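Below is one structure, written out as structure tokens, with a few remarks after it.
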């Protein structure tokens with residue numbers, strides 16, 4: 001099937017395909033990305049295989065959000081619905097976000113519908129975002145795979161076996177103006193936290209791979225040496241009930257607050273002294289970037305690409321995945337040393353400003369989509385000498 005060409009130079013219509021849009025790291029990134037794309041160059045839309053979720057409902061007031069395309073886990077008619085949607089909306093580029101059904105059905109529908117650009121963005125390593133055999137079969141019809149950090153991109157090449165020339169890195173990026181240092185006294189007061197109570201937060205969906213059980217076990221140990229310490233759990237998910245019961249069993253329920261999903265994350269980050277992340281696997285967690293951007297240091301398990309943002313003794317401390325003793329030692333060390341926390345937090349913000357800004361992420365996606373679209377639709381004679389497209393459009397290509 002010949003590829004359609006956007007001959008009238010109107011903005012490229014880009015469909016981002018995901019499962020749903022709850023309040024989570026990858027979903028927040030996607031919302032920031034579509035909001036930040038230059039409307040003179042791109043017209044973004046979102047398609048959710050299932051329900052739109054809170055962020056999807058919010059975005060629906062700003063741009064087209066399509067949902068409930070998948071009737072059940074084994075629903076092959078989703079392919080027909082997606083093809084019809086892509087053709088009806090005259091989509092120029094499809095970007096699947098995450099692995100699983102959306103990655104498979106989205107790419108297959110895009111190719112059958114004749115969409116010029118087919119990309120897959122991955123945001124994690126291992127379960128639940130392992131790619132799987134069926135998704136690997138569609139590698140030949142995929143124009144590019146996006147990793148969120150250098151180590152993550154290497155993971156996609158070595159472990160998921162994607163061709164190196166199809167893998168690029170576009171760093172996760174956050175709004176460093178919104179996520180900035182500030183006074184968290186009002187939030188601490190609202191939460192009933194003493195002004196001098198050492199406070200640790202964790203921002204992650206309450207799912208098994210985030211390993212909140214280790215966080216709570218560590219909290220129990222830290223309270224033995226720092227009885228005034230307090231622990232905030234921000235996020236929601238299927239493990240909440242089990243985790244609340246664990247806190248009760250450990251006798252630390254009075255020192256732990258389960259805050260659920262929160263919209264005002266910057267204010268919460270300014271109210272804590274330290275962010276913890278205890279995950280079994282990650283790529284480049286958004287919560288780490290948000291925390292560092294607010295000048296709050298991080299203690300995190302050394303998984304995925306975390307070491308690219310949590311630089312030991314520079315922006316935070318790392319511990320081996322699943323190592324309770326090391327987690328407790330690192331957390332206690334920073335809670336006992338306010339001067340070191342301030343130093344690491346300041347260096348953390350500088351690190352984020354240098355490489356992990358929202359504008360850099362938006363430029364990366366813009367350049368990648370434009371480059372591939374031009375390469376596949378423009379006659380060779382219209383390109384610059386040597387077969388190159390406009391270098392300004394490729395400045396962020398990785």
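Helix 240-250 axis versus longest C-alpha principal axis of the chain: approximately 20°, rounded to the nearest ten.
Quote the FRET efficiency, to the nearest 0.05, computed for residue 209 versus residue 248 with a Förster distance R0 of 25 Å and r equal to the Cβ-Cβ distance. Using R0 = 25 Å, I get an efficiency of 0.60.
Angle of helix 212-225 to the longest C-alpha principal axis of the chain, folded into 0 to 90 degrees and rounded to 10: 20°. Annotation: the residues 28, 142, sorted from fewest to most other C-beta atoms within 10 Å of their own C-beta, follow the order 28, 142. Counting only DSSP beta bridges whose two residues both lie in segment 141-272, roughly 10 percent are antiparallel. Note that segment 22-174, at 10 °C in a medium of 1.306 mPa s, gets a Stokes-Einstein diffusion coefficient of 100 µm²/s from its Kirkwood radius over C-alpha pairs. Multiplying the residue separation of residue 325 and residue 378 by 0.36 nm and subtracting their alpha-carbon distance yields 13.3 nm. The alpha carbons of segment 220-314 occupy a box of 36, 31, 27 Å along the principal axes, longest dimension given first. In plain terms, the chain from residue 39 to residue 343 could stretch by 105.5 nm, reckoned as 0.36 nm per residue minus the Cα-Cα distance.
By the Kirkwood approach, averaging reciprocal distances over each pair of separate Cα atoms, the chain gets a hydrodynamic radius of 22.0 Å.
Estimated at 0.36 nm per residue, the fully extended path between residue 224 and residue 89 surpasses their Cα-Cα distance by 42.7 nm. Using a Förster radius of 25 Å, what is the FRET efficiency between residue 264 and residue 360 based on their Cβ-Cβ separation? Nearest 0.05, please. Efficiency, from the Cβ-Cβ distance: 0.55. Its DSSP H runs of at least 4 residues, each contributing -39,500 (n - 2.57), put the calculated 222 nm mean residue ellipticity of the chain at -11500 deg cm²/dmol, to the nearest 500.
The angle between the Cα long axis of helix 101-112 and the longest principal axis of the Cα atoms of the chain comes to about 10 degrees, rounded to the nearest 10.
For segment 185-355, the spread of Cα coordinates along the three principal axes comes to 42, 33, 32 Å, biggest extent given first. Across the chain, C-alpha contacts under 8 Å between residues 6 or more apart give a mean separation that, scaled by the residue count, equals a relative contact order of 15 percent.
All of the numbers you see were taken from the coordinates with simple rules; none came from a lab. The shown structure was predicted, so the numbers you read here are calculated from the model rather than taken from an experiment. Don't worry about glycine lacking a Cβ; one is built from the backbone with ideal geometry, like all the others, and counts go over all protein chains shown.
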